[in-house]
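Every read-out reported here was derived from the displayed coordinates using simple, explicitly stated rules and does not represent laboratory data. All figures in this text were calculated on a predicted structure; none of them were measured in a lab. Every residue, glycine among them, receives a Cβ derived from its backbone with ideal geometry; neighbour counts consider all protein chains shown.
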């Protein structure tokens with residue numbers, strides 16, 4: 001999942017030409033909101049449990065890793081240039 005987040009966020013930042021730190025950060029937070037809305041909709045519809053039951057059913061280790069990965073998902077578009085620096089292309 002981490003590798004998919006890394007490459008997808010890099011692709012989005014470069015494809016949409018998000019230049020400053022603020023734009024990729026907003027894109028990541030928007031993606032996080034969409035992910036949480038989709039997850040809540042699936043949990044409520046398919047599993048038939050409440051949100052509180054869904055949260056309380058997670059054990060400490062997987063719940064912590066899940067929360068960390070959500071924050072990585074949200075913040076990685078802003079950090080993608082640090083991990084994957086852009087190569088300046090020369091125009092001929």
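Per-residue ellipticity at 222 nm, computed for the chain from helices alone with -39500 (n - 2.57) per DSSP H run of at least four residues, works out to -23500 deg cm²/dmol. Across the chain, the mean sequence separation of Cα contacts (distance under 8 Å, 6 or more residues apart), normalised by length, yields a relative contact order of 50 percent.
When Rg and the Kirkwood Rh are both derived from Cα coordinates, the Rg/Rh ratio for the chain amounts to 1.11.
The fewest-to-most ranking of 45, 39 by surrounding Cβ atoms within 10 Å reads 45, 39.
Using only Cα atoms, tell me the angle between helix 2-15 and the longest principal axis of the chain; keep it within 0 to 90° and round to the nearest 10. Result, in degrees: 50. Site pair residue 25 and residue 60 shows an inter-label distance of 3.3 nm when each label is modelled 7 Å from Cα along Cα→Cβ. Extension gain, residue 8-residue 67: 0.36 nm per intervening residue step, less the Cα-Cα distance, totals 19.3 nm. Rounded to the nearest 10 degrees, the inclination of helix 60-83 to the longest alpha-carbon principal axis of the chain is 20 degrees. Axis of helix 22-42 versus longest Cα principal axis of the chain: the two differ by about 30°, to the nearest ten degrees.
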